[in-house]
Each structure stands twice: as C-alpha cells, then as structure tokens.
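Heads up: the structure comes next, in structure tokens.
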Amino acid sequence: MYDIIILGSGPAGLTAAIYAARANKKTLIIAGDTLGGQTAEIANLENYPAFTGSGMDWIQSTLKQATGFGAEIVYASVTEIKNNESGFSVVCDNGKSFEATAVIMATGARARRLEIDGAKDLVGNGVSYCATCDGFFYSGKKVLVIGGGNSALNDALYLADLAREVQIIYRKSSFTRAEAIIRDRVAQRENIKPIFNTELKSIRKKPDSATGELIATTTDGTDIVCDGIFVAIGHEANTDYLDESVKRDDVGRIVADNLPAGLFVAGDEKSGIKMQVATAVGSGCGAAMDAISYVNTKGK
Ligand code: NAP
C-alpha cells in the first residue's frame, strides 16, 4: 500500500513525486510506457527558468531528484482507478494493480489527430506527430507542417535545420496564436514558407514516386507534393482510464472541483491550465501538497 500514487512522468507528475517523497510519503510513479510524456520530445527547452538542455535532460534530472528522495517508478499505463474503502486501486495494462491512500492524475495530453482522408493510414509512412522523433528522416527533403500554434511553429523551426523546404499550412491568415519570439524566428528562415487560409482535405501516396512522396490536397483542390507531413494541431487530455462520472470541460480536461476525496489532478489534463513545463511544475507541486495533507488526515 502506497501513501500516494502519481500517474504520469511528465513535469507535473515528477514534481509531485519530489514533494510527496520528500514529505516521507511512500510514493509510486506509474510512468506510462515511456518516461517524460510530451516534454521528452522537446529538442531545446529554453523557457524553463535556470535551465538549458533538452526536455529529456530535464526529465531525467527531475526523476533522479524524485527517486533520490525515495519515490519508486514502474513503467505501465493505467487502465482504471477503483475507489475502495481504504483508498484507491490503480489497475495497469500489465495486469498489475497498486493500492494507495491518495492518487494524483498527471497523465498529460497527446497530439490531436488529423481527421482527413489518408492521414491515419499514413502515420509512420510519411505522416508524423513528432518532428524531433522523425525529422531526421527528411534531411534535404520537402515537408509540410499542419497547424498554427507554438507547437507547429517550433516544429517548423526544428525541421528547417534538416529539410530543404518547410511549408506551414495554416487555416487562418496569420500566426497570432503563437508567441512573438517564435513567430519572428519563423519569419527569418528562408526555407520556411507559410501557406495561410488553407486546410487539407486528403493525403495520399504519389503513385509513381520512387521516393515515397505524398500528395496533400487542399480543400480548394490544389495538390501539394511533399516528402513528409508533420501534424501539430493541438492536444487532447489523456483521460481514457476515467469513466463518465469524472467531470470534464468542453475540451475534455478534468475539472478538479468535484473529484472524490483523495483523488487529485495536475498538469495538462487539468482544466484551465496553460500547457507549459513551468505551469505543470507548479500544478504538480500544488496537487502533491493537497495529497500530502489528505494522507495526513488519514493518520498515515
Ligand atoms: P494550440 O495552441 O491549441 O494550436 C493548435 C493549432 O492547430 C491552432 O493553430 C489551430 O488552428 C490548429 N488546428 C486545430 N485543429 C485543426 C484541424 N483540425 N485542422 C487544422 N488545424 C487545426 O496547440 P499547440 O501548438 O500544440 O500548443 C498547445 C499549448 O502548448 C499552448 O498553450 C502552447 O502555448 C503551448 N506550447 C508552448 C510552447 C512554447 O515554446 N512556449 C511550445 C509548444 C506548445 P486555429 O488557430 O485556427 O484554432
């Protein structure tokens, strides 16, 4: 039996683990299948105070801090949380269950999928949701980035160092949603070309292409030939393990105010939070402090 189980190993979960373990609570991190969540994919984390390096560097250093205080970690994904008399039972996809007095949900968010013809079938075969993972395969080639937020523009900048040409397909007329510093960097890159007021209708393989090129067709019927397509159209909360009784907001994130006693939420899956490493850290800290107080009231 643990005092506090933390679901997720991104910034919110690992910060919660530091606080929980340092408060001498028996703490388990259920990390997901891989460490770090979306932060692990950040090539250069440059807006977290007093840190320079990759997202994975930050994650590993923070995990070391948490385990240094005694937090344990297992790699599995949660499929269900059961509420019982002594607390919670967390069921994982590896068939194991773990018991705790309190649970902090910090399972974050995942990339929203592009729901157009061909997009799903071509994932891993020309369509990618991770520029830092797959960008290398497009060295010297022409790629499209879909989206107009910070993620899309950051992806375009990352890809511009590898690819010959990066076109950003955005459905609005300017990148006002993204931060000014990122917009300016994009504007300065000669091999990044925005295509505004444009949406895709379908993606397919170019039939006669020896190199596996794609044809992306826009809603007005224009065909764009490219080597790869990177999709960055926002995020959805990872809350599939919860039933309908848990209240969500209109974008599917958890509303914290009516959770059962002993169940807490932190990070990108929490309604209202700004999706940043810095805000996730603060959110994880707050959830851990609430969970520690709750465990104390149970005499643990
Ligand atoms: P986002 O800000 O929600 O932007 C999603 C973009 O995708 C929007 O431009 C949206 O268009 C577009 N979009 C959504 N659905 C679409 C569809 N079906 N087809 C085509 N385009 C579609 O998402 P994000 O860029 O992933 O960022 C998420 C959060 O993380 C934000 O708070 C962001 O600031 C933060 N973030 C910060 C940094 C950083 O360096 N500071 C880096 C990455 C992310 P519309 O604009 O028309 O709605």
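The values are calculated or read from the model by the stated rules, or taken from the named source; none is laboratory data. These numbers were taken from a predicted model, which means no experiment stands behind them. In this analysis, Cβ positions are derived from the backbone assuming ideal geometry, glycine residues included, and neighbour counts consider all displayed protein chains. Accessible surface is based on the protein model in full, side chains and every heavy atom, while ligands, DNA and RNA are left aside. Shrake-Rupley method; radii C 1.70, N 1.55, O 1.52, S 1.80 Å.
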Notebook entry, point to check: How about region 178-205: which of its residues are within 13 Å of the ligand (Cβ to nearest atom), within 21 Å of THR222 (Cα to Cα) and open to solvent by 80 Å² or more (accessible area, probe 1.4 Å)?
Noted result: ASN197, GLU199, LYS201
Check: Filter region 121-130 for residues that are out of contact with any Leu (no Cβ under 8 Å at 6 or more places or on another chain) and of a type outside the set (Ser, Thr, Tyr); which is least open to solvent (accessible area, probe 1.4 Å)?
Finding: CYS130
Margin query: Restricting to region 103-120, count the residues that are surrounded by fewer than 18 Cβ atoms within 10 Å (Cβ to Cβ) and within 11 Å of the ligand (Cβ to nearest atom).
Written below: 5
Check: With respect to THR15, is the statement that it is modelled with pLDDT under 95 and hydroxyl-bearing (Ser, Thr, Tyr) true?
Finding: no
Notebook entry, point to check: Just for region 131-177: of the residues that are in a helix (DSSP H, G or I) and of a type in the set (D, E, K, R), which one is nearest to the ligand (Cβ to nearest atom)?
Noted result: ASP155
Next item on the list: Would you mind finding the one in GLY267, GLY252 that is closer than 21 Å to GLY13 by Cβ and crowded, with 20+ Cβ neighbours inside 10 Å?
Entry: GLY267
Check: Taking region 178-192 on its own, how many of its residues are under 23 Å from the mean Cα position of the chain (by Cα) and assigned to a loop (DSSP other than H, G, I, E, B)?
Finding: 2
Notebook entry, point to check: Among the residues of region 13-71, how many are within 20 Å of ALA102 (Cα to Cα) and either among the β-branched types (Val, Ile, Thr) or within 16 Å of the ligand (Cβ to nearest atom) (or both)?
Noted result: 6
Check: What is the number of the single condition among (1) more than 30 Å from ALA261 (Cα to Cα); (2) away from the ligand (no atom under 16 Å from the Cβ); (3) buried (at least 23 other Cβ atoms within 10 Å of the Cβ) that GLY87 does not meet?
Finding: (1)
Item checked: region 206-235 - residue that is of a type in the set (S, T, N, Q) and within 16 Å of the ligand (Cβ to nearest atom) and, of those, most open to solvent (accessible area, probe 1.4 Å) -> THR219
